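Asks: A single structure is presented below for examination.
The values are calculated or read from the model by the stated rules, or taken from the named source; none is laboratory data. Here the structure is a predicted model, which means the values were calculated and not measured. Cβ coordinates were reconstructed from backbone atoms using ideal geometry, including for glycine residues, and neighbour counts include every protein chain displayed. For accessibility, only protein heavy atoms count, side chains too; no ligands or nucleic acids. Shrake-Rupley method; radii C 1.70, N 1.55, O 1.52, S 1.80 Å.
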Amino acid sequence: MSQARISPASWVTEIAELTKPENIVWCDGSQEEWTRLTELLVADKTLIRLNAVARPNSFLARTHPSDVARVEDRTFICSEQEIDAGPTNNWRQPAEMRALLHAKFDGAMRGRTLYVVPFSMGPVGARQARYGIEITDSAFVVLNMHLMTRVTPTVLEKISEGADWVPALHSVGAPRFDAAGVALGEQAWPCNEDKYVVQFPESREIWSFGSGYGGNALLGKKCMSLRIGSALGRDEGWLAEHMLLVRVTSPMGKKYHIAAAFPSACGKTNLAMLNPTIPGWKVETIGDDIAWIAPDEAGRLRAINPEAGFFGVAPGTGMKTNPIAIQTIAANTIFTNVALTDDGDVWWEGLTDEAPEHLTDWLGQDWAPGADTPAAHPNSRFTVSIDQCPIVASDWDSSDGVELDAILFGGRRATNVPLVVEARDWAHGVFMGATISSEQTAAAEGVVGTLRRDPFAMLPFCGYNMGDYWQHWLNIGAGLEATKLPKVFQVNWFRKNAAGKFLWPGFGENSRVIDWVIRRIEGEVAGVDSPIGLLPQLDELNLDGLEIAAGALEELFHIDVNSWRAEARLTEDFFAGFGSHTPSAMDEQLRELERRLGWDPIS
Ligand code: O2Y
Ligand code: MN
């Protein structure tokens, strides 16, 4: 359980005594602070200022080649009992981890500035908002926090009025001096080979050491909004989810809100910025990565996006795939590990069909088309405020959030999973979420490839036992009237034919699936029952103007019973891995699926 906190000032003093920085700066999230810190980082060559005409107020950072992604094997959930972290998390005993971290952080900020960053996830003062204070020795992290969260001294006022908060400590782990005051030399991108991203879910604390990159260092995102957030949600009766959030307006002018969970690399940002190909539909972005969902007084589930920016993957983002993202990052953007053009702009694979004749790659080396290595790192990123998105909902940051009408679960499945299927009820929807997976190897139709399980797309982000998390989802649904719950659907844009070709064009055409989802919500279409849920009758899909290969539609919805039986066996093994923490309702869903597949699991 949460402990009473010392004051932010006392905490800062305590951490400063441990980390021994040269000075302490309290951040306020102001424009003046942005200008001061960007100038500082341009001067010390951490940032390259981009061509001010092509990309105003924008910057490029090149990280150390070893500090380019989240470090899942160095991410820990330190609950008192190992079983509370569950089989999908790395666990260490909290006292042991605290001792280890104290040794790592001792003197870690020598010669550096300690920045105190008060931030809010969600609109300050909103019922669903939660506050944090990040201490970091990286000005780069402060700037990214400006874009990704609400950095404001008002958070300190709320805390002084009694609001709870999450202490989030971060150091790149590269002091400029040793204990004797001997200079250690400065690296271009300071970081430490030994990295730790540690969550203490019971005391709601985050300690991150050794990385200056993304989700390892911007502690409001995955660490607080998902790992600590999920533990808070379990204890307080809400859900912290790895979901995008959109508003869809129908040709009739009616608004619907949809949350959707997809594992990484399944086009989540593209769906959050969907450009519908069917006339009359409009999509507005509310969030692209995280949704906090809570029951309201009327017994409906309401959601907010706790973030204030996008930390999007650059490669593959272009005018053809996501023109909205391209417009969003036209200015005021920090790019990390993309390539630099000779006229001081950025480039990455997929931005244009043809690469420029010469680039400086993400490692700072000359690069030309035909090179063996990509110009931009495959996980290169842009950080940008959500306010710059041309289709952001005008009330995206409303304190009330939005009422959810539908929840989608998706994966990258070459086989088995149809383009869209509706859950029979909430418990079946939880089963769909719990069994999200992507094929690890290219698989032929009818043969299930090795499945990489990513339940609720939360595998790296659930701050407690995943089996208990499924039970929490079941409890949330059981506590509300079934008719008031969002409908749940499973979608799959990635099904392939026997020749390995995608059957569905994806991108803006996914609006046709959204159209069916909404017509199901309205009861305008009946669908057709199948062993795995309710499928569209093919004539219920709006396919006007879509050219799709003969037979492709039938293949997209084909249920191969033998292949599904094989998948059910894999699911049984997967559930067994959570032992007694697998809710009995999930086992019942599996039995029900097997029964509908006409397979007697006893024989
Ligand atoms: O956070 C990172 O370091 C990169 S991974 C990421 C970034 C933005 C949104 N989602 C993710 C993810 O891994 O889910
Ligand atoms: Mn994500």
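Asks: How far is it, in nm, from the label point at Lys484 to the one at Ile6 when both lie 7 Å from their Cα along the line to the Cβ?
Replies: 4.3 nm
Asks: Could you state the number of Å between the C-alpha centres of the stretch 200-242 and the stretch 574-599?
Replies: 29 Å
Asks: So, in Å, what gap is there between the alpha-carbon centers of the stretch 385-434 and the stretch 99-151?
Replies: Here the two parts' Cα centres lie 29 Å apart.
Asks: Compute, for Arg520, the solvent-accessible surface of its heavy atoms (probe 1.4 Å) with the complete set of protein chains present, and express it in square angstrom to the nearest 10.
Replies: Counting only protein heavy atoms, the figure is 40 Å².
Asks: Once you order the gyration tensor axes a ≥ b ≥ c over the Cα atoms, which shape class does the stretch 309-388 get: rounded for a/c under 1.5, otherwise prolate or oblate by comparing a/b with b/c? Mind showing how you got there, number by number?
Replies: Numbers: a/c = 1.96, a/b = 1.67, b/c = 1.17.
It comes out prolate by the Cα gyration axes.
Asks: OK, next. Residue-wise, which Karplus ³J(HN,Hα) couplings in Hz belong to the stretch 357-362, taking 6.51 cos²θ - 1.76 cosθ + 1.60, θ = phi - 60°, and x for glycine or proline?
Replies: Computed from phi, the couplings for the stretch 357-362 are 5, 9, 9, 9, 6, 5 Hz.
Asks: If you roll a 1.4 Å probe over the heavy atoms of the protein chains, what accessible area per residue do you get for the chain, in Å²? Mind dumping the intermediate values first?
Replies: Details: 22730 Å² over 603 residues.
So the chain comes to 38 Å² accessible per residue, rounded to a whole number.
Asks: Could you tell me what percent of the DSSP beta bridges with both partners in the chain are antiparallel, to the nearest 5?
Replies: On the way: 64 of 96 bridges.
Bridges in the chain that DSSP calls antiparallel: roughly 65 percent.
Asks: In nm², what is the average projected area of the convex hull enclosing the Cα atoms of the chain? Don't skip to the end; give the middle numbers.
Replies: Details: hull surface 109.1 nm².
Averaged projected hull area, Cα only: 27.3 nm².
Asks: Then there is this: Quick one: what are the phi-derived ³J(HN,Hα) couplings along the stretch 575-582, Karplus 6.51/-1.76/1.60 with θ = phi - 60°, whole Hz, x for glycine and proline?
Replies: Per-residue couplings from phi come out as 4, 4, x, 9, x, 6, 7, 5 Hz.
Asks: Once the whole set of protein chains is in place, how much accessible area is left on Ser203, using a 1.4 Å probe, in Å² to the nearest 10?
Replies: About 10 Å², ignoring ligands and nucleic acids.
Asks: Quick one: pull the percent of accessible area on the chain belonging to carbon and sulfur, 1.4 Å probe, ligands and nucleic acids left out. Don't skip to the answer; put the middle values down first.
Replies: Numbers: 11750 of 22730 Å².
Solvent-exposed carbon and sulfur of the chain make up 52 percent of the total.
Asks: For the stretch 21-143, count the residues as N, evaluate 2.2 N^0.38 Å, and divide the Cα radius of gyration by that value, please. Display every interim value, and only then the final one.
Replies: Numbers: Rg = 18.3 Å, N = 123, 2.2 N^0.38 = 13.7 Å.
Dividing the Cα Rg of the stretch 21-143 by 2.2 N^0.38 Å gives 1.34.
Asks: Follow-up. Which value, in debye to the nearest 20, describes the size of the charge dipole of the chain about its Cα centre when Lys and Arg Cβ atoms bear +1, Asp and Glu Cβ atoms bear -1, and nothing else is charged?
Replies: Numbers: 52 positive and 79 negative charges, 50 e Å.
Here the chain has a charge dipole of around 240 debye.
Asks: If you place +1 on the Cβ of every Lys and Arg, -1 on the Cβ of every Asp and Glu, and leave all else neutral, what size is the dipole of the stretch 309-388 about its Cα centre, to the nearest 20 Debye?
Replies: The calculation lands at about 420 debye.
Asks: Moving on. Which FRET efficiency, nearest 0.05, do Asp106 and Trp26 yield, Cβ-Cβ r, R0 25 Å? Mind showing how you got there, number by number?
Replies: Numbers: r = 23 Å, r/R0 = 0.92.
Step by step, r from the Cβ atoms, then E = 0.65.
Asks: Could you give the length gained by full extension between Glu357 and Asp342, i.e. 0.36 nm per residue of separation minus their alpha carbon distance, to one decimal place? Intermediate results must be reported in sequence, preceding the final value.
Replies: Values: separation 15, 0.36 × 15 = 5.40 nm, distance 0.94 nm.
Using 0.36 nm per residue and subtracting the Cα-Cα distance, I get 4.5 nm.
Asks: Now, a different point. Between rounded, prolate and oblate, where does the stretch 417-522 land on the alpha carbon gyration tensor, with a ≥ b ≥ c its root eigenvalues, rounded for a/c under 1.5, else prolate if a/b exceeds b/c? All intermediate terms of the calculation are to be shown ahead of the outcome.
Replies: Values: a/c = 2.56, a/b = 1.30, b/c = 1.97.
Oblate, since a/c reaches 1.5 and b/c is not below a/b.
Asks: Using a basic spin-label model with each label point 7 Å from the Cα along Cα→Cβ, how many nm lie between Glu186 and Ser584?
Replies: Between Glu186 and Ser584, the label points sit 6.3 nm apart.
Asks: Compute the Cα gyration tensor for the stretch 377-478, then decide on rounded, prolate or oblate, letting a ≥ b ≥ c be the square roots of its eigenvalues: rounded whenever a/c is under 1.5, prolate when a/b is larger than b/c in the other cases, and oblate in all that remain.
Replies: Values: a/c = 1.76, a/b = 1.24, b/c = 1.42.
It is oblate, given that a/c is not under 1.5 and a/b is not larger than b/c.
Asks: Looking at the stretch 1-89, which trypsin sites (Lys or Arg not before Pro) are DSSP coil and have at most 14 other C-beta atoms within 10 Å of their C-beta?
Replies: Answer by residue number: Lys45.
Asks: Per residue of the stretch 240-253, what does 6.51 cos²θ - 1.76 cosθ + 1.60 with θ = phi - 60° give for ³J(HN,Hα)? Whole Hz please, x for Gly and Pro, Karplus curve as stated.
Replies: Once θ is set to phi - 60°, the couplings for the stretch 240-253 become 9, 10, 8, 9, 7, 9, 9, 9, 10, 10, 7, x, 7, x Hz.
Asks: Continuing with this model, one more query. Around Val25, which amide H atoms from residues at least 5 apart in sequence, or from another chain, sit under 5 Å from its own amide H, with H modelled in the peptide plane?
Replies: Leu114, Tyr115, Val116
Asks: As an exercise, identify the GluC sites (Glu not before Pro) in the stretch 76-133 lying in DSSP coil whose Cβ has no more than 15 other Cβ atoms within 10 Å. Display every interim value, and only then the final one.
Replies: On the way: sites: Glu80, Glu82, Glu96; in loops: Glu80.
Answer in residue order: Glu80.
Asks: What spacing in nm lies between the two simple spin-label points modelled at Gln93 and Glu524, each 7 Å away from Cα in the Cβ direction?
Replies: My value for the distance between the label points is 6.1 nm.
Asks: Quick one: which residues, 5 or more positions from Gly309 or on another chain, have an amide H under 5 Å from its amide H? H modelled 1.01 Å from N in the peptide plane, none for Pro or chain starts.
Replies: Amide H neighbours of Gly309, under 5 Å, 5+ apart: Ile386.
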